[in-house]
Structure formats: structure tokens, C-alpha cells
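Only one structure is covered here, and it is reproduced in the block below.
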């Protein structure tokens, strides 16, 4: 599915942003809340025995899940090993839940728990190289009839940055996402929205990106000349009332494993 992601760089950038992510990632927080609401619409129960979260990060979705549902066993995965400390602090406030952390790239990580009745993931799958293969992997871990609920980003996300720097993820259109998912799951919901954030300046946009870790795409250095050219063009092309804009296009998807197994 396009070029391979530099997972080491992604890990490095998200590790640096762990402390600031909760404050800065306003779109991702909204997406996590939307995921929990979507799950509540499609789940027939408020209790889950075995849950896996992919890309738990600083625990934004984790805490919302623990507040909204009764969960017996919760396994959290993240590429950044230091995420464990953030998550352990959350689980100290939810001491009745059995907690396990599995660090590493969920696309290739072996030994994830099986017989799951729920998998969740928020604002993570856009970093994956082969989403179809990952869907197959989650299908193998879930019990028939169980749910896989996630959010990701669709085409047009951070289009301003991609246009000016040439660096951007290959985001999927909803139709392509549905085609991949339907090989293993029944699609219960697939919806999207557009969120436009405003910032006082192009420099504020760059700070926001750095503090949320979503700049894990390019190792190209920001020279003074490159920075000056970027700021001038961004201000000229993407101005809005009060400053400049940055576009996000979240996607929300809830899947159910087919009871007869994958064809």
C-alpha cells in the first residue's frame, strides 16, 4: 500500500510528544470520544472480557474506554515502549481491570492475545503499510461476532502540509477502506467529517504538529531558508480569519467479525 513508513522515525517523534500529546491533540481527542460513542451504538453489551487497543499512546482512548465500559482484561499495544508508563498511571485509577502492555509494531508483532471480543484503535491505522493484511490479522484474533472499532484519517488530512512540503501519508478514501474491511468483516458504520483548525501563524502550525508527533514522515532538516519559504507560502495560500488553517478528515469505522469466518 504505497511507500513503507519509517517506523523508527514515527516512534521517535511520538516518543518526544508523549508529554504534550494530551494537551495538543484536540482532533484526536474528539476522535477518541467519537469512537466510544460509535461503539456504544453498535455493541449489545457494556461489558467486555478481553479487549485489545492498538496504538494506545498516552492513553487518551484507554481512559475513555475504561470510564464507559466494564472490562475484565485490557491489553494495550503501542510502538513507543515509554507509553507503558502513561498507561500504568491510568490503570492505577482502574485497579479492577487486568492490564497488559505489548510494545512494538502491531503490523508485525507476534504474540498478541486472541479470543478477543473487542479491538479498538484511534488515530493509528493511517501509519500502517498494509491495512488489508492487518485486517486479516485482527480477524484471526477476534471471536466470531465480535467488534473492531477504529478511527483513522482520510484523504485530504493535513493537505496544506503535503502541498507545501511534499511529505504526506497515503490516506484512503472511505470506499477503499470499506473494500479492504469487507473481506473479513461486516461494516456496521463508516462515516467521516472535516475539521479545520485555525492557528495564529504557520509557525504555530509547525509547533502543533511537533507536539502531537504527527511529523514522523521526513528527516529533512528545517533550514532557515526552508522555514522562511514555508511560512510565507502557508500564510499566503491558507489564510483564514484569525490566522491560518490546517485540515483534518477523520474517519470512523465499526466492523463486526463474520460469524461464519472469513471467506
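Things worth noting here:
- Just one of the listed residues (148, 135) is buried (at least 20 other Cβ atoms within 10 Å of the Cβ) and in a strand (DSSP E or B), namely 148.
- Annotation note: of 238, 248, the sole residue that is surrounded by 16 or more Cβ atoms within 10 Å (Cβ to Cβ), more than 19 Å from residue 147 (Cα to Cα), over 20 Å from the mean Cα position of the chain (by Cα) and modelled with pLDDT of 95 or more is 238.
- Inspection of region 34-43 identifies at least one residue that is crowded, with 21+ Cβ neighbours inside 10 Å, within 18 Å of residue 255 (Cα to Cα) and touching a helix residue (DSSP H, G or I) at 6+ places or on another chain (Cβ under 7 Å).
For every residue, the table says whether it meets (1) at negative phi; (2) buried (at least 16 other Cβ atoms within 10 Å of the Cβ); (3) out of contact with any strand residue (DSSP E or B) (no Cβ under 6 Å at 6 or more places or on another chain); (4) not in a helix (DSSP H, G or I).
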residue: 144; (1), (2), (3), (4): yes, no, no, yes
residue: 157; (1), (2), (3), (4): yes, yes, no, yes
residue: 163; (1), (2), (3), (4): yes, no, yes, no
residue: 167; (1), (2), (3), (4): yes, no, yes, yes
residue: 180; (1), (2), (3), (4): yes, yes, yes, no
residue: 186; (1), (2), (3), (4): yes, no, no, yes
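- Counting the residues of region 116-132 that are part of a loop (DSSP other than H, G, I, E, B) and either within 18 Å of residue 57 (Cβ to Cβ) or in contact with a helix residue (DSSP H, G or I) (Cβ under 7 Å, 6 or more places away or on another chain) (or both) gives 3.
- Restricting attention to region 205-216, the residues being surrounded by fewer than 16 Cβ atoms within 10 Å (Cβ to Cβ) and either within 30 Å of residue 40 (Cβ to Cβ) or free of Cβ contacts under 8 Å to residues at least 40 places away in the same chain (or both) number 1.
The values are calculated or read from the model by the stated rules, or taken from the named source; none is laboratory data. Here the structure is a predicted model, which is why all the values come from computation and not from measurement. Because the Cβ atoms are built from the backbone with ideal geometry, glycine has one as well, and the counts that use them run over all protein chains shown.
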